[in-house]
1. Against the condition within 18 Å of the chain's Cα centre (by Cα), farther than 21 Å from THR104 by Cβ and at pLDDT 95 or above, how does LEU188 come out, does it pass?
2. Looking at ARG453, ARG477, ARG430, ARG471, can you tell me which residue is touching a Pro at 6+ places or on another chain (Cβ under 9 Å) and at pLDDT 95 or above?
3. Restricting attention to the stretch 97-113, which residues are open to solvent by 10 Å² or more (accessible area, probe 1.4 Å) and either free of Cβ contacts under 8 Å to residues at least 12 places away in the same chain or not β-branched (Val, Ile, Thr) (or both)?
4. Inspect the stretch 343-361 for any residue being in contact with a Lys or Arg (Cβ under 6 Å, 6 or more places away or on another chain) and either open to solvent by less than 10 Å² (accessible area, probe 1.4 Å) or assigned to a loop (DSSP other than H, G, I, E, B) (or both) and give the result as yes or no.
5. Output the number of the condition that TRP307 fails; it satisfies all remaining conditions of (1) in contact (Cβ under 8 Å) with a residue 60 or more places away in the chain; (2) over 23 Å from ALA465 (Cα atoms); (3) open to solvent by less than 10 Å² (accessible area, probe 1.4 Å).
6. Can you tell me which residues in the stretch 418-437 are in contact (Cβ under 8 Å) with a residue 60 or more places away in the chain and of a type in the set (Ser, Thr, Tyr)?
7. Hey, among ASP227, ASP297, which residue is at pLDDT 95 or above and under 26 Å from GLY111 (Cα atoms)?
8. Could you please find all residues in the stretch 128-145 being touching a helix residue (DSSP H, G or I) at 6+ places or on another chain (Cβ under 9 Å) and open to solvent by 10 Å² or more (accessible area, probe 1.4 Å)?
Amino acid sequence: MSLSGLSFFVLTFVLTVYSRPADVHLRNMDSFIRAVQQVEDSNPGLSPLSLVRALRRTAGHDDAMTIHFLGASHNHSDTEVLKTAILNASAFSFFDKAIHHIVTDHGEERGVVLARDGTTVALAPLLLGIESGLKAQMEMTPAAGIFPLTLGRTLGLSFLSLQDFPPSTRLGPNGCWDNVDHPKMFKLSWPPTLATDAVINGGMDGAILGTDISSLPASEQPQALSDILKGYYSFILYEGLDAVSSHVSPRRREISRSILEPLDLQRQVMETLALIWKLEKTEWIAWDTGVEKAVKDGLQAFVHKYWDCPQIISRCQWGAKAYRNTPIPMSLPLQFLYVHHTYEPSSPCLSFLSCSRAMRAMQRFHQEDRGWSDIGYSFVVGSDGYVYEGRGWNHLGRHTRGHNAIGYGVSIIGNYTATLPSRHAMDLLRNHLVRCAVDGGRLVANFTIHGHRQMVNYTTCPGDAFFSEIRSWEHFRVDVNPDVAHGTVRITSHKTQRS
């Protein structure tokens, strides 16, 4: 059997386990933080490092590479006492089941939780990153294990295990929760790699928090583990991300990029793989001449998917109803991007819950009042830091009358007649979503941006203030081909436009 074939067999074996009854308790970050705080409250003076080590032992994460960087979790005097306290505190068995990451033979991903921002996070890489940072801060040593334990190992092994497949298929997938209000089960959308989206999210978060903690001066005591997690995941936005200078989960992609990109990821992943092979006495794998190319190609796919592209909240996450009739595929790449504002809802949405509510309201209006098959927009941008999937990359939208087949329609939630969207929301559209589209072969490189009002004569969309702003954007064009400009009735409310 070839190396790639053997690797694929091992990957399949590792990821496939017999299904067991799912835990009946909620799988969200708030539940995990409450459980952590319960242990802290029952153990006054408990250090966050002692607690995260005990959690590692509870989850059975003492593999060779983890021990190499962090030491064995059972070699600490307080670990056994804490393990008992953890199991007693966790009446819903959260720690011993929810931290250990597996994917069942039915595609259920365990060891993951739903964060308040609507993203799914694997707890294991998150906690390993935090423990690496705490250990380095306490010992005043470099945090050498942060990247290998959070992302390096996962990326390297996933790239190699699937090196006979296109690089874009060596990462992911994402999935859907059974119920975002009461999450109990997370099902993946297609067969898993080692680097599911939840594992990548947890790895990026672990790298960010571990780096932050390791940078604390020796004289400063780290926060309790529950407070570390609350600060990153349980924040409340009042004015959008523009006013937030701290590290919070909706900014994980930009922050992780700023931390990790200067490290020479190719070298870091190769060194991580070499360490794994040394510890497992399988150095012969390095003889495969395709290893470096597999890592290089895989990292290019990683950078595109998780750093260049914005996080897109899927339809199942925001609670979309089914598409009526059959979606019409488009011929890609497209030539145009049409910019909208929603007008109604008129206020920016600042959380996953409020943005999801806005998406459902718009879909309901478009389907029930307009009689359309689905929400009209291709994508919608919230002020919570995320892009929401409408009809998506591949299906014909209903957003710009007479032009739906040749361009994407992207709207920012809010009324921008007199005020601008947040800088962060505009950046998601202007720089990240369009780069993702061009690099992914969905938009031509010399695409054109138009405001909705340029294409029809019955709307002021995307609002006077926002339209004035996009006129300064690269790719914006004033001239519109009159042969394809349509619309004869001016309607002041975007909510009732005819596109």
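1. On the way: within 18 Å of the chain's Cα centre (by Cα): yes; farther than 21 Å from THR104 by Cβ: no; at pLDDT 95 or above: yes.
So LEU188 does not fit the description; no.
2. On the way: ARG477 fails: touching a Pro at 6+ places or on another chain (Cβ under 9 Å); ARG430 fails: touching a Pro at 6+ places or on another chain (Cβ under 9 Å); ARG471 fails: touching a Pro at 6+ places or on another chain (Cβ under 9 Å).
None of the other options fit; the residue is ARG453.
3. Once the filter is applied, which keeps residues that are open to solvent by 10 Å² or more (accessible area, probe 1.4 Å) and either free of Cβ contacts under 8 Å to residues at least 12 places away in the same chain or not β-branched (Val, Ile, Thr) (or both), the stretch 97-113 yields LYS97, HIS100, HIS101, ASP105, HIS106, GLY107, GLU108, ARG110.
4. Our first condition is that a residue be in contact with a Lys or Arg (Cβ under 6 Å, 6 or more places away or on another chain); within the stretch 343-361, this holds for 343-344.
If we keep only those that are either open to solvent by less than 10 Å² (accessible area, probe 1.4 Å) or assigned to a loop (DSSP other than H, G, I, E, B) (or both) too, we end up with 343-344.
For the stretch 343-361, residues in contact with a Lys or Arg (Cβ under 6 Å, 6 or more places away or on another chain) and either open to solvent by less than 10 Å² (accessible area, probe 1.4 Å) or assigned to a loop (DSSP other than H, G, I, E, B) (or both): present.
5. Evaluating TRP307 over (1) in contact (Cβ under 8 Å) with a residue 60 or more places away in the chain; (2) over 23 Å from ALA465 (Cα atoms); (3) open to solvent by less than 10 Å² (accessible area, probe 1.4 Å) leaves (1) as the failure.
6. Filtering the stretch 418-437 down to residues in contact (Cβ under 8 Å) with a residue 60 or more places away in the chain leaves 421-425, 428-429, 432-437.
The one that is in contact (Cβ under 8 Å) with a residue 60 or more places away in the chain and of a type in the set (Ser, Thr, Tyr): SER422.
7. Numbers: ASP297 fails: under 26 Å from GLY111 (Cα atoms).
None of the others qualify; the one that does is ASP227.
8. At the first step, the residues of the stretch 128-145 found to be touching a helix residue (DSSP H, G or I) at 6+ places or on another chain (Cβ under 9 Å) are 128-138, 141-145.
LEU128, LYS135, GLN137, MET138, THR141, PRO142, ALA143, ALA144, listed by residue number.
The values are calculated or read from the model by the stated rules, or taken from the named source; none is laboratory data. Note that the structure is a prediction, hence the values are computed from the model and not measured. Note that each Cβ is placed from the backbone with ideal geometry, even for glycine, and that neighbours are counted across all protein chains shown. Surface accessibility is based on the protein's heavy atoms, side chains included, excluding ligands, DNA and RNA. Shrake-Rupley method; radii C 1.70, N 1.55, O 1.52, S 1.80 Å.
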